[in-house]
Amino acid sequence: MNEKRVRHFGAKLIKNKRLVLVLTIAIVCIVLVQAYSIQAKYGLSIIKYIKYSMPISEIEQQYLDDNELSYGMDRMAPPLTFVNPDNGQSTGMVVDFISQLSLGIGKNIEFKPLEWSAVIDQLENREIEIADLFESESRDEKFLFTQPLYELSGKILVDNKLKHKELKEIENSKIAMVKGDYIEEVANDYFNSDMNIEIVYTADIREAINLLGDGEVNGVAGDETVIEYLIKDMGYGDKFVFIGESLYTKNVCLATNKGNEILVSILNKGIMSLKKRNLIIQIQDKWFRGHGPEVMDINEYNLFTNMFIIFIIIVVFSILWNYTLSERVKTRTKELNDNKESLRIIIDTLHDGLIVVNKDNVVEECNESITNILGLDPDDLIGRNYLKVKELKPYVNHLIKEVADKTEDNEDMIKYEDSYFFITRRLFSQDSGKMLLAIQDFTEKHVNEMRARQENKMIAVGQLSAGLAHEIRNPLGLIRSYVFLLDKHVKEERDRHAIKVIDDSVQRINSLIENLLSFSRLSKEDIKPVKLNALVNNIIQLEKKNLKEKHVEISVDISSDLEFKSNDEILKMSILNLINNSLDSFVDKGSKEHKNSITVKGYKQLNNVLIIKISDNGCGIKEDDIEHIFNPFFTTKKSGTGLGLYIISNELGKINGKICVESEEHLGTSFTIELPLKEKS
């Protein structure tokens, strides 16, 4: 049966292989398109994209809380960074980038306008934390760089009067550039020694353009965007032009010092946030109105990406729809088989053992639950005469006559070994002659019902005890008082004996009432520290007279360090009652060869359960009486009330304890109390 299900599952898996393949290809295509889109939009791998898209971590937030951030900016590189001459405020496109970045990471970034060479020096000396730089091999040795922020090109500006406006026309001339700028690294490779170019360094690009305007240099090398902005701002108009190809076209990144990986991670997350919100494009449009340094516009790629994903979804949906239709057709053709299999699964999950028998008493079907009951595999039962199956006979012997002589349904309850079973026989129809045998194990239900009845009895006895005790005690007090008065006036021995019998009877009734009241008063909530050794020794002192009268030796094996939290009144009552029972078990005063003895042991198990064991070598308990000794009002003593052990069992149960007994008649009895402990405070 299990092999059949495995084969069915395998066939279904093979049929679904095509669907799994289609879905896998679709997912891979979507992932690849997303990866390409991320690479195109942000210039990042999908792994870095996910990394930079994560929120600020606790460590990074702690860094921001503990450190101040400052951005070193070129004071004269408009429109990227410069100081507004009208109000002295730092402004420019990159300044706006940094301002938005500051809001994104939740940390104020201070602007420090400097000459460009000072920016490099202060970043290297850790006087500032952030600057925007081109990445190069030499700078990689000193600084850490973020992902690209924008792109710049470098060119050479010359006088418009040059005839051909070609690079060879500036041979044997002077070229001005900003000291420390990236153009300085490029110039050494770009201008070969045959060109005989003299480099003139300036503090900023405006100074270099002024030198060109005054004729002191023949050209200016620097960032195309900055130079173009300044020549318009300085009123040179068309006097100067750019010549030759770009000296460089590179990404500009934010840079910080080596070893400051946490800040680089924070800046990357801030830049990613700007790019996702397209703020870099918006800020660029503010300054250049569509013209300026190249920045990736993510909206240019969204349309293509979304269209491709929609196309894949449509294709996958079409394939799934066709697959669904074909599966629906297949499902219709196998509906009966599927229903039969479903019914089989339902029957196998039932806890009741089910057997279908034909008119020849041969088992045709059975469920898997019968295995748990009979210990037989269903395959070993099918095809056999159920009346000849040895394991089944104890359950159906009582039905054999009914099956032979009767045609109606019947049911019965049996006890087999230590379990209870409900056996049911149902006929399918007279024509088929088939019948269904159901074997239901309801042992647990039966035990629970018996336990509930016992608990209800205990509750009723407790309620009755309290009321009955109070009703009896009042007239009993009057009887005892008048017996005391009569005793003083009675002289005859026969009358005095009668008075003593009355007094003894009153004391016995009073003892019964005390037990009843104790039963109704004890509370499981009265928890306090208990020293078991001291508690037992106190009880022994109370019983000292009785022990001496019956020549009983009592020994205590309890550590003086054994201390725990529990209900000491319940323990005291239980131990006292058990010791009294042991005393009552001695029918004589013992002898030298056989001394009367009681042993009290107490210890704590590793599972934090307290064990108290009270043993004696008295008369013991009859085997037939052992199962009844915890029932109320059951006693083997002539003067016993039958409530002692019942109360002990009930009260120990209130504090999650239990009591058990081992006894052999004429050899002795041992009672064991098991009590889960609370830790000593």
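Numbers for the structure displayed
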{"item": "Selection within segment 555-592 - buried (at least 19 other Cβ atoms within 10 Å of the Cβ), at pLDDT below 90 and β-branched (Val, Ile, Thr)", "result": "570"}
{"item": "Number of positions in segment 349-361 that are surrounded by 15 or more Cβ atoms within 10 Å (Cβ to Cβ) and either modelled with pLDDT under 85 or assigned to a strand (DSSP E or B) (or both)", "result": "6"}
{"item": "Residue within segment 129-140 that is assigned to a helix (DSSP H, G or I), under 30 Å from residue 67 (Cα atoms) and among the small types (Gly, Ala, Ser) present", "result": "yes"}
{"item": "Candidate set from segment 606-629 (those that are free of Cβ contacts under 8 Å to residues at least 40 places away in the same chain and within 47 Å of the chain's Cα centre (by Cα)); member that is surrounded by the fewest Cβ atoms within 10 Å (Cβ to Cβ)", "result": "606"}
{"item": "Answer from 483, 447 - the residue that is among the hydrophobic types (A, V, I, L, M, F, W, C), in the same structural domain as residue 391 (by the TED database) and at pLDDT 80 or above", "result": "483"}
{"item": "Residue in segment 648-657 that is surrounded by fewer than 17 Cβ atoms within 10 Å (Cβ to Cβ) and outside any helix (DSSP H, G or I) present", "result": "yes"}
{"item": "Count of segment 160-216 residues which are in contact with a Leu (Cβ under 7 Å, 6 or more places away or on another chain) and either within 19 Å of residue 245 (Cβ to Cβ) or loosely packed, with under 12 Cβ neighbours inside 10 Å (or both)", "result": "4"}
{"item": "Residue tally, condition within 21 Å of residue 171 (Cβ to Cβ) and in contact with a strand residue (DSSP E or B) (Cβ under 7 Å, 6 or more places away or on another chain), over segment 195-209", "result": "6"}
{"item": "Conditions (1) surrounded by 11 or more Cβ atoms within 10 Å (Cβ to Cβ); (2) at pLDDT below 80; number of the one not met by residue 423", "result": "(2)"}
{"item": "Pairs, first within 18 Å of residue 613 (Cβ to Cβ) and modelled with pLDDT of 90 or more in segment 650-663, second aromatic (Phe, Trp, Tyr) and crowded, with 20+ Cβ neighbours inside 10 Å, C-beta under 7 Å, six or more apart", "result": "659/671; 661/671"}
{"item": "Residue within segment 109-119 that is within 30 Å of residue 60 (Cα to Cα), aromatic (Phe, Trp, Tyr), assigned by the TED database to the domain that holds residue 272 and within 48 Å of the chain's Cα centre (by Cα) present", "result": "yes"}
{"item": "Qualifying strands (runs of 3 or more DSSP E) (wholly inside segment 18-114; at least 2 residues being under 29 Å from residue 260 (Cα atoms) and touching a residue at least 40 places away in the same chain (Cβ under 8 Å))", "result": "69-74, 109-114"}
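The values are calculated or read from the model by the stated rules, or taken from the named source; none is laboratory data. All figures in this text were calculated on a predicted structure; none of them were measured in a lab. In this analysis, Cβ positions are derived from the backbone assuming ideal geometry, glycine residues included, and neighbour counts consider all displayed protein chains.
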